[in-house]
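Report on the following structure.
What follows draws every value from the coordinates through simple rules; no lab data is involved. Quick caveat: nothing in here was measured; it's all calculated off a predicted structure. As a convention, Cβ positions derive from the backbone with ideal geometry for all residues, glycine included, and neighbour counts pool all protein chains shown.
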Amino acid sequence: MSSISRREFIKRSIMGLGAATISVSIVGCGSSSGESVAENDFAVAFNHGVASGDPLQDSVILWTRVTPQGSPSSVDLTLQVSDSEDFGVLLQSQTVSALAKNDYTAKVDLTGLSPNSQYYYRFVTKDTHSSIGRCKTLPANDVTQVKLAVMSCANYPAGHFHVYAEAAKRSDLDAVLHLGDYIYEYGMGGYATEQATAMGRELDPDNNQETITLEDYRKRYAKYRTDLGLQALHANTPFIAVWDDHEICNDSYVDGAENHNQGEGDFSQRKLAALQAYYEWMPIRPLVKDKLESLYRKFEFGDLLSLYMLDTRNESRAKPLAYQDYMDPVSGMLDFNRFQADLTAPSQQLLGVKQLTWLTDNIKTSNAKWQVLGQQVLMTKMNIPAELLQTLAAPSAEMSSQVAELANIKARMQAADETLTEQEKARVTMTAPYNLDAWDGYPVEREVILQTAKAMNKNLVVVAGDTHNAWSGKLCSANGEVCGYEYATASVSSPGLESYLGLPDEQAMQFAEALKVLVDDLDYANIHQRGYLTLNFTREKVDSQWHFVDTVTSEQFDSHNVSRELMANN
């Protein structure tokens, strides 16, 4: 297939995705529950549940997907909305269509709603109806508390979605922030599929290869959305979602990806297919004028919290640098000057000029108590002793001994141990970022954000996913000033650093404690458990709580929580 230009890609994206959502107003639509419902000449099933998302103070996206008998061009549905779960009185009854060209998904932008209000909804036909969903609008004016759940990295063959199921039991959440890797593109035999058969988590035979085409991505979403835990969470709480890399393929950037290889066609075509499936299957507003294929957007929780959902993957991300490209083939030494020049070059963008300007302008003018960035990759500086970079290239359990040794040296240095040699000090003071795919690989834009928050005396909180591990850390500027704080969620099911290093749980806990000593800005780490994060914002502080499950490979599991507190600075 021939390649297409970026301009043509954007044009096709807008044409293909903009018509998938209809707007329906709830104002003046009260009726009894005896309202007529849609009729079709074929059987219809709701196999993938319902979902709500992108809540505003007066509107919310409602979603479902139908599985019809045969292949009709469209399926008529009736959306019913009520303020009671028994649907005794309908606030809205409106016919909508699930179109074959949109994979039989239907999305409605329900408008005319009241702030901070709860509604129930369902989609019905003459013969059947969907499950009941509950949605909630954002609060307005004097808001005293907001509670958000943060999730990312759910790999169906890697384990059960216990994390989704546990969060679905809650009734105190204002929204779920999903920070990406909602699906994974790999086929069976690929990443984290080793135990899938034993768990009953295999991909379907017609979709067990890597996703490349539109049909591939659609089927992958359909498989994930059969999970009852995920269905329950979508039905219970509105999602505010953004994608990471695996919604397309691993380590993607603006015009390529690590996992897009020769023989897999044109990357822009693959990206277009992935984008279309994402918009079809997620309860998210469609592309809007002048946003092109962007996903970045803002949500206001009254005067308490401004939430900025950022796209650090596909909007403008330059290809990450790689240390091996700067190694002298003769000496084996890093060409530091050339590396540093490229690292700080204007072209090494993560957000891009347009998105970065939008973000900093909004932070400057926001009157909310908290400025919250919902995005994918770690912003905390994760500088580790440089000698560990070579070890990470070929990781093993023995690395934990090396890390423990270095942490001991660092602790002795912090205690002003006079017996330390200069060579020992050099081992822990010569540091480098371990992951150039995160903000450490794009330090200039990070510095702009941190300096903006500091200069405007803003309370900055960043949330991240991507790593499959739980972290928290200080966000420090180049001169060492603390400008904000970051919380990162563990994964829903994808294996963490403990799997990468081959560490049993006890060793993994020791490794995490050693990392806290070695990485100056790191305050908390859990590298061996799956889970999610909740953040409870008040005017005085934010309470963070990580909710962990002890296994995703068994249907039986236990859970526990870890809490931390951050006070507002103004």
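Excluding same-chain neighbours fewer than eight residues apart, the aspartates and glutamates reachable from Lys147 by a Cα-Cα span under 15 Å are Asp172, Asp174, Glu300, Asp303, Glu540, Asp543, Glu565.
The helix-only estimate of mean residue ellipticity at 222 nm for the chain, built from DSSP H runs of length n ≥ 4 each weighted as -39500 (n - 2.57), is -7500 deg cm²/dmol after division by the residue total.
Taking only C-alpha pairs under 8 Å that are 6+ residues apart, what is the relative contact order of region 158-245 in percent?
53 percent
Each DSSP beta bridge with both residues in region 379-530 is either parallel or antiparallel, and the antiparallel ones are about 75%.
In a reduced charge model with +1 at each Lys and Arg Cβ and -1 at each Asp and Glu Cβ, the chain shows a dipole moment near 1520 debye about its Cα centre. Summing Lys, Arg as +1 and Asp, Glu as -1, what charge do residues with Cβ under 11 Å from the Cβ of Ala514 carry, Ala514 excluded? Net local charge, Ala514 excluded: 0. Ordered by the number of other Cβ atoms lying within 10 Å of each residue's own Cβ, fewest first, His129, His178 fall into the sequence His129, His178.
From the alpha carbon centroid of region 467-491 to that of region 293-313 is 18 Å.
Over the chain, Cα pairs under 8 Å with separation of 6+ residues give a relative contact order of 15 percent.
Going from the residue with the fewest nearby Cβ atoms within 10 Å to the one with the most, Leu62, Leu228, Leu99, Leu113 rank Leu228, Leu99, Leu113, Leu62. Centre-to-centre, using Cα atoms only, region 190-253 and region 53-132 are separated by 23 Å.
Looking at region 476-570, which GluC sites (Glu not before Pro) are in a loop (DSSP not H, G, I, E or B) and have at most 14 other Cβ atoms within 10 Å?
Glu481, Glu540, Glu555
Take every Cα pair under 8 Å whose residues are at least 6 apart in sequence, average their separation, divide by the length of region 421-487, and the relative contact order is 27 percent.
Of all beta bridges that DSSP places with both ends in the chain, some 75 percent have antiparallel geometry.
When Ser396, Ser71 are arranged by Cβ crowding within 10 Å, least crowded first, meaning fewest neighbours, the order is Ser71, Ser396.
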